[in-house]
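Taking it in order: structure first as structure tokens, then the write-up.
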Amino acid sequence: FGQLFGHAGSMKVLYKKIVKDGSGNIKIECDTPEDFWHIYNLLRIGDSVTAVTLRNVSQISNTGTSNTKRIKMRITIRIDSIDYDTSTASMRVKGINIAENKHIALGQSHTMELCVNRAFEIHKEKWDVVDLERINMATDPSKSADLAVIVMEHGLAHLLLVTNEMTIQKAKIEKSIPRKRVGSSSRHDKAILRFYDMVVVAIIRHIDFDVCKCVILASPAFIKDDFYEYMIKQKCVQMMSKGDAAYKTVIENKSSFIRAHCSNGHKGAIKEVLSNPEVVKQMGDTKASQQTELLNQFFKLLNVDETRAIYGPKHVAFANESQAIQTLMITDQLFRSQDLQKRQKYVKLVEQCQKNGADIQIFSSLHVSGDQLKQITGIAAILRFPLPEVLELDVSEDEMDDEENENENENEEEDDHDNDNDNNDDDDDNNNVGYQNYSNDNDENDDERKQIDDDNFI
């Protein structure tokens, strides 16, 4: 699920207890306002939140006078609504109190604001794999790093992962390289190859190509080119012939490598690399275009062979049962559904596809490619082999039900909002009723005029 979580997290998990049935509590502390994007995607209606909050409480003194004080208290609410402001990255949750407290009665409504550097506890009846993976990604910045940089010179290399907020050094490779001797350079050449081997091992160990979309190789002179040629054409081919599948991943992602210039192999050279406008342009093209190219490949295949490119929940589920899915493409919006059953359906589908060896690509709904995928139900797949049976499926009922449910939910939210406004503005309602009656009278008069005009025309 690496593509689902773009923000490099700095959250802290202070406490975690989840039982076998999937229910449990996790206590979290956010260090930056951007962390609340993860919380917004974690919380859903019906979850419970325990946090310290402030509330106005009326107290009656011995003399009978009433005083209102703002008291800090710790309460637990069952969530009714979630408000997340993307411009200020602030979050407010509203719900009813479900734990005994001397200042607030059971069932009483309260709105609490979740704050930076103030811990709160989330309880769910079911923590699914997407929720848990989101927390892992948010608390481990290296797991959300989509850029890797390797700065190297002969005998020294640094492997660094770059996130939105920080640069993390994952490996420092050092190897003594003897000088070339007159008439013989075998010791020097062997040492260089052993050094290259150590760098390749570090790449395999520390770079997750499911998350990392771009790897920059930087060095003085032609060291980066010699290393790249050795890694792709010799080392990986040699290890793949021995059955080591880890090196195959490097070959499959060779298009993610970009070669650039730097003055040395020290850690500080990364600033020199990332400040190069040409490198930044290549890096952006590589990261942004991969999923777009994949979607273009899907549409081309769909035009040529409909039995190899499919879309829609029922088609994809049928192909998964046949273990035919090679690449699954799904939008992150489907995982943010408030319909728990619908969300669980897609989570289970992704888990099954992973077990069957499919490549999972989660598209951001904020990206152009994700918006394109959303237009065709938000889920599609490229198959390993033709599946003619899938064309005979009738998907109209399921897809229409999903669309109707979404529309009903939107209408219910609008109705609830209108009802709230009606309750708060009774006088305006009475005026509106009078206005509606007046409008109806005018409509009747218009109908009469239209009838008279029709009679005259006849």
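Ranking Ser109, Ser256 from most to least accessible surface, computed with a 1.4 Å probe over the protein chains only, gives Ser109, Ser256. Pairs of Cα atoms nearer than 8 Å and 6+ residues apart set the relative contact order; for region 210-360 it is 18 percent. With a 1.4 Å probe rolled over the protein heavy atoms of all chains, the accessible area of Arg343, Arg336 falls in the order Arg336, Arg343, largest first.
Near Lys102, once Lys and Arg are set to +1 and Asp and Glu to -1 for all other residues with Cβ below 15 Å from its Cβ, the sum equals +3. Rolling a 1.4 Å probe over the protein chains gives Asp80 an accessible area of about 90 Å². Residues in region 62-76, backbone N under 18 Å from the label point at Lys102 (7 Å along the Cα-to-beta-carbon vector): list them, ranges by number please. 62, 67-76, by backbone N distance to the label point. For His188, the solvent-accessible surface computed with a 1.4 Å probe is close to 30 Å², ligands and nucleic acids excluded.
Applied to region 58-63, the Karplus parametrisation 6.51 cos²θ - 1.76 cosθ + 1.60 on θ = phi - 60° returns per-residue 3J(HN,Hα) values of 8, 10, 9, 7, 5, 7 Hz, with x for Gly and Pro.
Using C-alpha pairs under 8 Å with a sequence gap of at least 6, the mean separation divided by the residue count of region 27-140 gives a relative contact order of 31 percent. The HN-Hα couplings worked out from phi for region 271-277 by the Karplus form 6.51 cos²θ - 1.76 cosθ + 1.60 (θ = phi - 60°) are 5, 5, 5, 6, 8, 7, x Hz, whole numbers, x standing for Gly and Pro.
Can you sort Asp128, Asp21, Asp305 by solvent-accessible area, 1.4 Å probe, largest first?
Ranked list, largest accessible area first: Asp21, Asp305, Asp128.
The values are calculated or read from the model by the stated rules, or taken from the named source; none is laboratory data. Here the structure is a predicted model, which means the values were calculated and not measured. Glycine also receives a Cβ, built like all others from the backbone with ideal geometry; neighbour counts cover every protein chain displayed. Surface areas here come from the heavy atoms of the whole protein model, side chains and all, with no ligands, DNA or RNA. Shrake-Rupley method; radii C 1.70, N 1.55, O 1.52, S 1.80 Å.
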